[in-house]
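Take a look at the structure below.
The values are calculated or read from the model by the stated rules, or taken from the named source; none is laboratory data. Bear in mind the structure is a predicted one, so any value in this text is a computation, not a measurement. Here the Cβ positions follow ideal geometry from the backbone for every residue, glycine too, while neighbour counts run over all protein chains shown. Side chains included, ligands, DNA and RNA excluded: accessible areas come from the protein's heavy atoms. Shrake-Rupley method; radii C 1.70, N 1.55, O 1.52, S 1.80 Å.
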Amino acid sequence: MLYADFMSAVLPPFPQPQEPAVQPELLQVGSFEEEPGLRADAARNRARLLEAAARLVAEHGAAGVTMEAVAVAANVGKGTVFRRFGDRTGLLTALLDHSEKKFQAAFLSGPPPLGPGAPPVERLRAFGCALLRRSADELDLQLAAEPSAERRFSNPPRRVLHSHVALLLRQAVPDADVELLAHTLMGYVSPDLVHHLTRQCGMPSERLEAGWCDLVDRMTATADEQSR
């Protein structure tokens, strides 16, 4: 088929999402050992390991956090660290757990425009800018905790963020393929891209935030025009 014929062909309609557009619940992203039934001594040991890991991040950066280094800093056996967190990614994810829960609470139940109460396009703009600022503060840790390729898109915190973006897109442009558009938006705020743009290209964070808002506005232009 010629390129011109292909471009003039009528494209099939976007598939409509089958799942209900419900607000995702606050995700508990930490390990199961944070549940209320955790023994007091186990909770203390976990807290001590995380404190040791946090000290290593502060002193040497995320690259200095290994299972062995945390065990030495906490004065425990390396097997204890593995049993508690599974692997290095699990340990680093636990370090990010507190800020992840705070961020989720902010966009699920906090004040607008990040939280409920603002139009969906305004919430999308605020969401991306807030996520970019969070990445700037935690970039080394986020990069070190980035799951492997086969786990990246099934990672529970990422699923919550993706679902939230898809929900807001569905409210703003209900006829669009919001699942794919949500992946596009989430790719813009991925830690590896933020690292490349800010540290390797020297791009200021203000430019990234402006670019996010421009991308959201272009994706949802139809919705904005209809609301005027």
Take region 80-130 and flag every residue that is in a loop (DSSP other than H, G, I, E, B) and hydrophobic (A, V, I, L, M, F, W, C).
L114, A118
Residue identified as more than 25 Å from L180 (Cα to Cα) and open to solvent by 20 Å² or more (accessible area, probe 1.4 Å) among P111, P156, P119
P111
Taking region 27-67 and keeping residues modelled with pLDDT under 80, over 11 Å from L91 (Cα atoms) and not in a helix (DSSP H, G or I) leaves L27, Q28, V29, E35, P36, G37, L38, R39
Does region 188-202 include one or more residues that are within 14 Å of L124 (Cβ to Cβ) and crowded, with 17+ Cβ neighbours inside 10 Å?
yes
On the basis of being modelled with pLDDT under 95 and open to solvent by 70 Å² or more (accessible area, probe 1.4 Å), does E206 make the cut?
no
Of the residues Q171, Q226, only one is in contact with a Pro (Cβ under 6 Å, 6 or more places away or on another chain) and either at pLDDT 95 or above or surrounded by fewer than 18 Cβ atoms within 10 Å (Cβ to Cβ) (or both); which?
Q171
Tally the residues that are part of a helix (DSSP H, G or I) and under 15 Å from the mean Cα position of the chain (by Cα), restricting the search to region 168-205.
12
Of the listed residues (D140, D175), the one being acidic (D, E) and more than 23 Å from D97 (Cα to Cα) is D175
Cβ pairs under 9 Å, 6+ apart or interchain, first in region 113-137 and under 21 Å from V194 (Cβ atoms), second in a helix (DSSP H, G or I) and open to solvent by 60 Å² or more (accessible area, probe 1.4 Å), ordered by first then second residue, are R123/Q171
Any idea how many residues of region 54-111 are under 21 Å from the mean Cα position of the chain (by Cα) and of a type in the set (K, R)?
3
